[in-house]
Amino acid sequence: MRKVARLISSAGRKFLTRPGEALLLCRMAWWVAVLSLTARCYSLPRALQIVAGSENRKPSAQATNGDELARAIDLLLSINIFIFKPICWKRAAVLHRYLSRSGIATRIIFGVRNETGGKVSGHAWLEANGQPILENAPPDYVVTYSFPSNDRFDPRLATL
């Protein structure tokens, strides 16, 4: 309960001190919610398509640079309550939407790698012009899926 009260207090301060950033965080929160819901009801490619929106859309007049967008989504997902948890595929999907609206073409890349003890870990990140962007370190994963993609997705693979 304290965490929620602290969150509400921080949000109020943000609206007073930086209203533009506060509105961006609210819009991003909406798309995290849409993504979370659609990922439960549809296949992941369909959920990503819904969040990405139309590819034929003109860039927004309120373009923000990638670092600012990454900082905003990281701040939002760092609250770590309900659906707002620091999950890489949610970060990548929402950033993909906002970067495309700023005129930056990206692809969401999903990959896996073997960890010690026989465990497999996965990660999702963005690429622009074939290079990872907005990552702290270059991802060292075997690519398993990318979005958007012309490859056919077999939903049965998701259940394995």
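The values are calculated or read from the model by the stated rules, or taken from the named source; none is laboratory data. Please read these numbers as outputs of a predicted model, since none were measured by experiment. Using ideal geometry, Cβ is built from the backbone for each residue, glycine included, and neighbour counts are taken over all protein chains shown.
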> Name the pairs whose Cβ atoms lie under 7 Å apart, with the first residue in the stretch 88-116 and free of Cβ contacts under 8 Å to residues at least 12 places away in the same chain, the second of a type in the set (Ser, Thr, Tyr), and 6 or more positions between them or separate chains?
Replying inline: GLU115/SER121
> When both residues are 6+ apart or on different chains and their Cβ atoms are under 7 Å apart, which pairs have a first residue that lies in the stretch 132-151 and is part of a strand (DSSP E or B), and a second that is basic (Lys, Arg) and surrounded by fewer than 16 Cβ atoms within 10 Å (Cβ to Cβ)?
Replying inline: VAL142/ARG113
> How many residues does the stretch 37-49 hold that are surrounded by 17 or more Cβ atoms within 10 Å (Cβ to Cβ) and out of contact with any Phe, Trp or Tyr (no Cβ under 9 Å at 6 or more places or on another chain)?
Replying inline: 2
> Listed residues TRP125, TRP89; which is at pLDDT 95 or above, part of a helix (DSSP H, G or I) and closer than 24 Å to MET28 by Cα?
Replying inline: TRP89
> Does LEU69 fit the bill of being touching a strand residue (DSSP E or B) at 6+ places or on another chain (Cβ under 6 Å) and either in a helix (DSSP H, G or I) or within 22 Å of ARG27 (Cβ to Cβ) (or both)?
Replying inline: no
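Just checking, which of LEU37, LEU23, LEU7, LEU16 is under 23 Å from ILE108 (Cβ atoms) and either under 17 Å from the mean Cα position of the chain (by Cα) or modelled with pLDDT under 95 (or both)?
Working: LEU23 fails: under 23 Å from ILE108 (Cβ atoms); LEU7 fails: under 23 Å from ILE108 (Cβ atoms); LEU16 fails: under 23 Å from ILE108 (Cβ atoms).
None of the other options fit; the residue is LEU37.
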